[in-house]
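The values are calculated or read from the model by the stated rules, or taken from the named source; none is laboratory data. Quick caveat, the model's predicted, so the values are computed rather than measured. As a convention, Cβ positions derive from the backbone with ideal geometry for all residues, glycine included, and neighbour counts pool all protein chains shown. Ligands, DNA and RNA are excluded from the accessible area calculation, which covers all protein heavy atoms including side chains. Shrake-Rupley method; radii C 1.70, N 1.55, O 1.52, S 1.80 Å.
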Amino acid sequence: MTATSSTAENTHRLSIAGMTCAGCVTTVENSLKSTPGVVEASVNFAEHTATVRGHVDAKTLIAAVTAAGYSAAELRSAADESEKEAAEVAHYRALLRKFMVAAVVGLPLMLADPLGWMPMLDSSAGKIFWPLVAVATLGVLIYSGGHFFRGAWKALRARSANMDSLIALGTGAAWIYSVFVIALPGMVPTLARHAYFEAAAIIIALINLGQALETRARGKTSEAIKRLIGLQPKTARVIRDGKEMDVALAEIGLDETLRVRPGEKISVDGVIIDGHSSVDESMLTGEPLPVEKKIGDEVVGGTLNKSGTFLFQAKRIGADTALARIIEMVRRAQASKPAIGRLADKISAVFVPMVLVVAVVTFLLWFYLGPEPKFSYALVTTMTVLIIACPCALGLATPISIMVGVGKAAEYGILIRNGEALQQAGKLTTIVLDKTGTVTAGRPTVTTLLPAAGWDENKLLALAASIETASEHPLAEAIVAAAKDKGLTLQVSSGFEALTGQGVAAIIDNKKILFGNARLMAEHNIPLADLPQRAQALAAAAQTPMYLAVDNVVAGIVAVADPIKADSALAIKRLQASGLKVVMITGDNRATATAVARQVDIHEVLAEVLPGDKAAKVVALQQRGEIVGMVGDGINDAPALAQADVGFAIGAGADVAIESADVTLMRGSLHGVADAIAISRATVRNIKQNLFGAFIYNSLGIPIAAGVLFPAFGLLLNPIIAGAAMAMSSVTVVSNANRLRWFHASKA
């Protein structure tokens, strides 16, 4: 058995060095995907990272990247991330130094040429001056432009072409031609005797400056991740053998007791065992108000203790904490590619070879059909085409916006699983809302007791609570809690049975007890007298009535109500105002469901739907041509969430089912759905702006560089201007994407 095949499937995150354009992304991605054992590989040009999943180890992946002509290192810890960040800063400073050296050589030459300060090539001064300029610009090409030439050579060895290929060809051709002109001027027509040393130096300077500015701007796109990582404290106060001591986060063990004092960050996830406090969970949930915590409540690592002191027991540590899982989920989403991004990658993969063809055609047309000096015109236009055509902006257009958009969503307590979900959320036409825990608070309470003849309220409630002690339904918890609050004695049941969509059955004190809806009573032919009319009145008031029967004789009604969340109506109004059709789905009876829907202004209700049928209702909406988003608790509604075009799992804190849907909302507010859709639309709009700018830039820039305006207007694009335009196009794309960092969702 080979080492690869015996390796368990896992996910590796690599830092990739040496990528300069979308062509590099394709090369690295293909080299990783072709590695035995790799199931999935995605390269993020904006972050210069690769995420790889499969039965393969990191060393094999690094070797594959190296063979493709690039460098790689595995990112495993916060220390690795810090090293990567430090390397980015060092790279930025190196680019600035390279820009300065190239500018110091190139700028005086560029300014002196139009002023006529340059000596003639064949003059005695020229024979000394121009060789010195050639040597100086060669130094620029080696020091300031060496990475372009090395990248071009690596691409050539890998039988591919990239941005480095275009820059190396353009500046290299300019320098070689200039050396030929000053060495053998007699072999060049008089009109063509012009040296382009300044063009080569200034182009190298401008591209280095552009990459430096791009690197600096790219660093801002990952600020959301940096903030999340920054939530983790470096140490925690642990109680061991009766003594309190500060230990590093990595040294905390499961079930250890930790103390948290006012103003301190909570280190890991756990349960409070002594004391109480209020905890600021805003950086995880987006909820601004502190949450009161007491004994038995869960606390989440990374949140901030506001007032009291408490002890808690560690229940999740390391990579299992909610914060660690959130950071990993945000990273995966930032590295993923939506359909619109994959399209840009495919275009970029063939773009550079196409540009090389265009450059050759441009040279031949000018050389054979252009005016004198034909060779000079052919060289200048070809060099300009090569320089202006670099598809850097095209490669950055999608990933840079995805990174910022996913990061911005995380700030709102919205965790997006992948770029596809981010793109799709903005296209939704219908939102299906599960009622319990989504529109309502999910914390029902007993509101009405209607005993039949011969029964009293306490006896009715005690028997209902006795049968519900074996149930896990939220309504059961409310009934049991109400009985305990009244101090009622509960009886032991046997033969408990949950009847899907109807209720529950059990034996108590040798009597058959049935507790559920009217359908359950009808199933057992139990007469209900006037209770159905009274049940309808309760349902019309948004209460859920449940019948209790003993040995097939009705004993009364227990009604439970789940209060509507304070902000549900406003959030639903936001969704409707954004053009979405809102549908509520529930297993509750139609009267209760209609009453709840009326209070929040929902006009379409799917009531009395069994849990297994919710996915079918989503399918029915999709067959009507709707693009459907399903909002549920992420566990009970899993089939419907999976069937929907975008599934939203709504929950709170550490209990949220992070992996259960396309989008996870860390707080229990429907405003999160509206915020996610607004962020999706803003991000996709931003991507389209970037792609449009990149496409227009290349579509217009290449023909102008090739000289299409020359016959009519006598205009040619200067290679130096082309270099500046190419460098600034990437900066423009990154800057436009960073505008998303100032996105604010309107609650109006």
- Query: Can you tell me how many residues in segment 446-472 are within 24 Å of residue 633 (Cβ to Cβ), buried (at least 16 other Cβ atoms within 10 Å of the Cβ) and not aliphatic (A, V, I, L, M)?
  - Reply: 4
- Kindly indicate the residue of segment 548-578 that is open to solvent by less than 10 Å² (accessible area, probe 1.4 Å) and part of a strand (DSSP E or B) and also nearest to residue 481 (Cα to Cα) among those meeting that condition. 560
- Among the candidates 238, 247, which residue alone is in contact with a Leu (Cβ under 9 Å, 6 or more places away or on another chain) and either part of a strand (DSSP E or B) or not hydrophobic (A, V, I, L, M, F, W, C) (or both)? 238
- Output the residue which, of all residues in segment 701-739 that are under 20 Å from residue 346 (Cα atoms) and of a type outside the set (Gly, Ala, Ser), is surrounded by the most Cβ atoms within 10 Å (Cβ to Cβ). 733
- Item | Every residue from segment 498-534 that is among the small types (Gly, Ala, Ser) and open to solvent by 10 Å² or more (accessible area, probe 1.4 Å) | 498, 501, 503, 505, 518, 522, 529
- in contact with a Pro (Cβ under 6 Å, 6 or more places away or on another chain) and at pLDDT 90 or above - does that describe any residue in segment 408-431? no
- Answer yes if at least one residue in segment 213-229 is modelled with pLDDT of 75 or more, open to solvent by 40 Å² or more (accessible area, probe 1.4 Å) and not polar (S, T, N, Q), and no otherwise. yes
- Query: Hey, residue 746 hits all of (1) in a helix (DSSP H, G or I); (2) surrounded by fewer than 19 Cβ atoms within 10 Å (Cβ to Cβ) but one; which does it fall short on?
  - Reply: (1)
- Does any residue of segment 286-307 turn out to be under 25 Å from the mean Cα position of the chain (by Cα), farther than 16 Å from residue 227 by Cα and basic (Lys, Arg)? no
- Requiring at least 2 residues that are open to solvent by 20 Å² or more (accessible area, probe 1.4 Å) and either at pLDDT 85 or above or closer than 19 Å to residue 425 by Cα (or both), the strands (runs of 3 or more DSSP E) wholly within segment 592-666 are 604-606
- Note on the structure: Contact list, first residue from segment 53-76 and closer than 16 Å to residue 151 by Cα, second anywhere and surrounded by fewer than 18 Cβ atoms within 10 Å (Cβ to Cβ) and of a type in the set (Lys, Arg), beta-carbon distance below 7 Å, six or more apart or interchain, is 69/157
- Given (1) over 27 Å from residue 666 (Cβ atoms); (2) part of a strand (DSSP E or B), residue 583 misses just (1)
- Options 607, 615, 593, 620; residue that is at negative phi and touching a residue at least 60 places away in the same chain (Cβ under 8 Å): 593
- Message: Being among the small types (Gly, Ala, Ser) and either open to solvent by 40 Å² or more (accessible area, probe 1.4 Å) or closer than 22 Å to residue 356 by Cβ (or both) is the requirement here; does residue 146 meet it?
- Response: yes
- Filter segment 227-250 for residues that are free of Cβ contacts under 8 Å to residues at least 12 places away in the same chain and not hydrophobic (A, V, I, L, M, F, W, C) and give the result. 230, 241, 242, 243, 246
- Message: Tell me yes or no: at least one residue of segment 393-405 is of a type in the set (A, V, I, L, M), modelled with pLDDT of 80 or more and more than 30 Å from residue 50 (Cα to Cα).
- Response: no
- Those residues of segment 126-143 which are over 16 Å from residue 176 (Cβ atoms) and open to solvent by 60 Å² or more (accessible area, probe 1.4 Å), in sequence order: 127, 128, 129, 132, 143
- Query: If a residue has to be in a loop (DSSP other than H, G, I, E, B) and open to solvent by 30 Å² or more (accessible area, probe 1.4 Å) to count, how many in segment 303-335 make the cut?
  - Reply: 4
- Can you name the residue in segment 109-125 that is without any contact (Cβ under 8 Å) to a residue 24 or more places away in the chain and touching a helix residue (DSSP H, G or I) at 6+ places or on another chain (Cβ under 8 Å) and, of all such residues, is most open to solvent (accessible area, probe 1.4 Å)? 120
- Given the structure, is residue 234 open to solvent by 50 Å² or more (accessible area, probe 1.4 Å), under 30 Å from the mean Cα position of the chain (by Cα) and within 30 Å of residue 672 (Cβ to Cβ)? no
- Among residues of segment 338-384 being open to solvent by 40 Å² or more (accessible area, probe 1.4 Å) and assigned to a loop (DSSP other than H, G, I, E, B), the residue modelled with the lowest pLDDT is 372
- Task: Kindly establish whether residue 676 is within 29 Å of residue 566 (Cα to Cα), in contact with an Asp or Glu (Cβ under 7 Å, 6 or more places away or on another chain) and open to solvent by less than 60 Å² (accessible area, probe 1.4 Å).
- Result: no
